[in-house]
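The values are calculated or read from the model by the stated rules, or taken from the named source; none is laboratory data. Just so it is clear, the model here is predicted, and its values are computed rather than measured. Cβ atoms come from the backbone with ideal geometry, glycine included; neighbour counts cover every protein chain shown.
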Amino acid sequence: MFTFNGYELKKEEGIILFKYELAREGEQFSFAEKITFDPARADFNRVPESVLSPALNTLSLILGISYWKLFCSKELRLPYIVLSVEQAKFWNTVYTKGLGEFYYKNQIDFRGLVNFPSSKLKNIAPKAVQKTGKSLVLWGGGKDSIVTVELLKKSGKAFNLFCLNDYKVQRDTAKIAGKELIVVKREIDPLLLELNKRSDAYNGHIPISVVYSSTALLASLLYGYDSIITSCEKSANYGNVEYLGEIINHQWSKSEEFEVMFCNYIKTYITPGIDYFSYLRRYNEIKIVELFSRYPRYFSSFSSCNKNFTVIKNTKSLWCGECAKCAFVFALLTSCVPKEKVLEIFRKNLFTDPSLLTVYRKLWGLETEKPFDCVGTPKETRQAFSLAREKGDYEDDIIMKQFVKNHL
């Protein structure tokens, strides 16, 4: 049995504790996850309780996913939250499609597993909050969010940047962007990390973008923003593999399906005064990297490698040069950035590394599954290789030779 035990809001201290309880086979565990915001900046007077409460409940429900997936309890208890039937369907979907990769890798049958309790209550029309005309851009310090920000700057829109916890790559690129970086801190209960070491506990990917977006929603309300803007591209809709009759998508929480669902959820159950959308949904990866190549001032500071955002901060380079994301972004950059600049960014030529051949075969679509990372479609990867080949700078590299062998 897994229980969402509500939250404790400490306005003056800028702290919210989200509480959970897990009971199984004679064991019982209690968790408290801490969110820290700037109390001097937060304006609770502008947010009616009827808006603040469901926003906090939303955050409670998504933060609980990390603790629930330890043992995937069949019984869910919500003593402090009442969900309508439609709200429960939303959370059933988030906990099913958002954890698709987790179920696939742990070989868990997710069919009928998640059933949030609901009530046949009638939804009360949510209240609006005062408009400010300002937007909050989710900031990762990678090529996508950089392109969003540069396009927004040209449009003249008022906006600032947002991140959940701050890492060096985000701080450095925010300075280059010349925009304020608003940070909310998240501290996972240490007990979760201990239980993750157990052989009978499950580990794996969660829909982290839902966590970021739900936290940004709270920040928007407290700090006075009307829009939450993400940088999710068209190819985030493309899945990785089929499992139990469903397409498993590592990027489901970046997909257009989730974007529409979450925007509707906000406007229906929290407030019509907050918009949620991606600024790059109309673009494919080739177009985004072409736009990004116009801003070389970011080249030495940006990164898309996930090793920059690990709990254990031991990265010595912006790019590990080993993961699918590094391999994919390297290929994209070769299509439109001079070779010397690409090698300067990565500090090595990834097309000469034979250990990456299997990764590239997956990126090209030659294996049974696409890499479980935020990478583009096989078509986009092959297009990047074709453009790089036309330039003639990588023709003698082993990875390029393999591409030519398999695709030309």
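A few notes on this one:
- Restricting segment 90-126 to residues that are assigned by TED's automatic domain parsing to the domain that holds residue 254 and free of Cβ contacts under 8 Å to residues at least 24 places away in the same chain, the residue that is surrounded by the most Cβ atoms within 10 Å (Cβ to Cβ): 96
- Checklist (1) touching a strand residue (DSSP E or B) at 6+ places or on another chain (Cβ under 9 Å); (2) within 17 Å of residue 136 (Cα to Cα); (3) surrounded by fewer than 23 Cβ atoms within 10 Å (Cβ to Cβ); (4) free of Cβ contacts under 8 Å to residues at least 60 places away in the same chain applied to residue 256, failing item: (2)
- When 280, 318 are checked against the criterion of being among the aliphatic types (A, V, I, L, M) and at pLDDT 95 or above, 280 stands alone in meeting it.
- Search result, residues across segment 97-119 that are β-branched (Val, Ile, Thr) and either closer than 23 Å to residue 256 by Cα or at pLDDT below 95 (or both): 114
- The requirement of being among the β-branched types (Val, Ile, Thr) and over 26 Å from residue 275 (Cα atoms) is fulfilled somewhere in segment 111-122, by at least one residue.
- For segment 220-233, filtering for residues that are touching a Phe, Trp or Tyr at 6+ places or on another chain (Cβ under 6 Å) and outside any loop (DSSP other than H, G, I, E, B) leaves 2.
- Matching residues in segment 216-253 - criterion: being of a type in the set (Val, Ile, Thr) and either closer than 18 Å to residue 379 by Cβ or out of contact with any strand residue (DSSP E or B) (no Cβ under 7 Å at 6 or more places or on another chain) (or both): 241, 247
- Entry remark, segment 166-187: residues being loosely packed, with under 15 Cβ neighbours inside 10 Å and either hydrophobic (A, V, I, L, M, F, W, C) or free of Cβ contacts under 8 Å to residues at least 60 places away in the same chain (or both) number 3 in total.
- Residue in segment 276-293 that is over 30 Å from residue 382 (Cα atoms) and either surrounded by 18 or more Cβ atoms within 10 Å (Cβ to Cβ) or of a type in the set (Gly, Ala, Ser) (or both) present: yes
- Those residues of segment 83-106 which are of a type in the set (A, V, I, L, M, F, W, C) and either farther than 17 Å from residue 372 by Cβ or not in a helix (DSSP H, G or I) (or both), in sequence order: 83, 85, 88, 90, 91, 94, 99
- Verdict on residue 372 being in contact with a strand residue (DSSP E or B) (Cβ under 9 Å, 6 or more places away or on another chain) and hydrophobic (A, V, I, L, M, F, W, C): yes
Listed here are the residues, each with its yes/no results for (1) buried (at least 18 other Cβ atoms within 10 Å of the Cβ); (2) at pLDDT 95 or above; (3) in contact with a Pro (Cβ under 7 Å, 6 or more places away or on another chain).
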site	(1), (2), (3)
311	no, no, no
326	yes, yes, no
355	no, yes, no
358	no, yes, no
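Rundown of residues vs (1) assigned by TED's automatic domain parsing to the domain that holds residue 328; (2) free of Cβ contacts under 8 Å to residues at least 60 places away in the same chain; (3) under 20 Å from residue 152 (Cα atoms); (4) crowded, with 19+ Cβ neighbours inside 10 Å, yes/no style:
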| site | (1), (2), (3), (4) |
| --- | --- |
| 207 | no, no, no, yes |
| 210 | no, no, no, yes |
| 214 | no, no, no, yes |
| 222 | no, no, no, yes |
| 230 | no, no, yes, yes |
| 233 | no, no, yes, yes |
| 243 | no, no, no, yes |
| 246 | no, no, no, no |
| 249 | no, no, no, yes |
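- Among the residues of segment 15-47, those identified as in contact with a Lys or Arg (Cβ under 9 Å, 6 or more places away or on another chain), at pLDDT 95 or above and surrounded by fewer than 18 Cβ atoms within 10 Å (Cβ to Cβ) are 15, 17, 21, 30, 32, 34, 36, 39.
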